[in-house]
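Asks: Once you've had a glance at the structure underneath, I'll fire off some questions.
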Amino acid sequence: MGHYAAEWDDKAAATEITKDWNGIDQVLLRNPHGASAKISLHGGQVISWRNDKGEELLFTSNKAIFKHPKSMRGGIQICYPQFGDCGLLDQHGFARNKIWVIDDNPPPPPPPLPTNESSSSFGKSFVDLLLKPSEDDLKLWPHSFEFRLRVSLALDGDLTLISRVRNINGKPFSFSFAYHTYLAVSDISEVRVEGLETLDYLDNLSKRELLTEQGDAITFESEMDRTYLRSPKVVAVLDHERKRTYVIGKEGLPDTVVWNPWEKKSKTMADFGDDEYKNMLCVDGAALERPITLKPGEEWTGKLMLTAVKSSFCFDQLELQSKGF
Ligand code: TA6
């Protein structure tokens, strides 16, 4: 193990808790190379992920509203127990609008990670968060669950989110889920998404019509709001201008949402700048087409791993396997 791993045995050195302007706790994760991630207990939302040069990799709107219960426009939002706007619940569910707590007594970690240093939990800085339904929540969505979220920052700067939803011996329930991920891009017209070619998708701009992707890579010239079905474990977002590629690894998340509001829709969102569509792209690891059903005592795990590499870096299978994908 590199010497950094030894120096960073002390988890306290790699995590720091502060409060935001509303007095809500935020957890700052740092690694010894200068990378960082910040997670708000408001919604369990990752609100910042910076590389070792201090460059922000997630998009946050300059007009974001930081006022509970509204979730901040940007970062990585936890959309549970639904994604989309159906029935009694808020759009994209209530989890992103709730105050989570730090889980001081997490259950044993998920199965052991590969030995590769960059992906082993040794030397990672991480935080475990917990959401349980309040009495009010149970009136609205009468299912007894525990939602544990581990956010971790690896020595190589990768950001991993592991969501574990358990049915706490209530009646069976079903839910859909998405990590609503706002990636920062230099110019949306210079961005390509690879890994979704030839897939079927639901076009949310035309009543979720089922269509098939034809292109060899997705590029952007207008509003796009699509749910790609049964997508591969790895999707790449190439930011040509910045020569940066985001590699999105997913487990337990068969679908991928791709969304850019473009000019017209941007003007209708109070917490989003008219031109900000040029500098963001949502690519969400999700489980939407087939909702997840949990019987009493059952648990679902959804894992997202984000890597930001220089586009010249060819991301081969070995690299992915070493990261647990
Ligand atoms: O597909 C992504 C999407 O459902 C879009 O339709 C758009 O509504 C976006 O999520 C943002 O949703 P929000 O509730 O965060 O404004």
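Asks: Looking only at region 200-230, how many residues end up being under 23 Å from ASN279 (Cα atoms), hydroxyl-bearing (Ser, Thr, Tyr) and within 16 Å of the ligand (Cβ to nearest atom)?
Replies: Count: 3.
Asks: With the requirement that a residue be over 21 Å from LYS67 (Cβ atoms) and of a type in the set (Phe, Trp, Tyr), what does region 81-102 give you?
Replies: PHE83
Asks: Being open to solvent by 20 Å² or more (accessible area, probe 1.4 Å) and without any contact (Cβ under 8 Å) to a residue 12 or more places away in the chain narrows it down to one of LEU210, LEU202, so name that one.
Replies: LEU210 is the lone residue from the list that is open to solvent by 20 Å² or more (accessible area, probe 1.4 Å) and without any contact (Cβ under 8 Å) to a residue 12 or more places away in the chain.
Asks: Mind checking which residues of region 178-199 are open to solvent by 10 Å² or more (accessible area, probe 1.4 Å) and among the β-branched types (Val, Ile, Thr)?
Replies: Listed by number, the list holds a single entry, THR198.
Asks: Now a separate question. Within region 66-85, can you find the residues that are of a type in the set (A, V, I, L, M, F, W, C), within 11 Å of the ligand (Cβ to nearest atom) and open to solvent by 20 Å² or more (accessible area, probe 1.4 Å)? Working first, answer last.
Replies: Taking region 66-85 first, the residues of a type in the set (A, V, I, L, M, F, W, C) are 66, 72, 76, 78-79, 83.
Those left that are additionally within 11 Å of the ligand (Cβ to nearest atom): 72, 79, 83.
Of everything in region 66-85, just one residue is of a type in the set (A, V, I, L, M, F, W, C), within 11 Å of the ligand (Cβ to nearest atom) and open to solvent by 20 Å² or more (accessible area, probe 1.4 Å), namely PHE83.
Asks: Looking only at region 95-102, decide whether some residue is within 12 Å of the ligand (Cβ to nearest atom), open to solvent by 70 Å² or more (accessible area, probe 1.4 Å) and closer than 26 Å to ASN279 by Cα.
Replies: No, region 95-102 has no match at all.
Asks: Is it true that some residue in region 26-36 is farther than 24 Å from THR256 by Cα and basic (Lys, Arg)?
Replies: Scanning region 26-36, I find at least one residue that is farther than 24 Å from THR256 by Cα and basic (Lys, Arg), so the answer is yes.
The values are calculated or read from the model by the stated rules, or taken from the named source; none is laboratory data. Only a predicted model underlies this, so the values are computations on that prediction, with no experimental measurement involved. Ideal geometry is used to build each Cβ from the backbone, glycine not excepted, and the neighbour counts take in all protein chains shown. Ligands, DNA and RNA are excluded from the accessible area calculation, which covers all protein heavy atoms including side chains. Shrake-Rupley method; radii C 1.70, N 1.55, O 1.52, S 1.80 Å.
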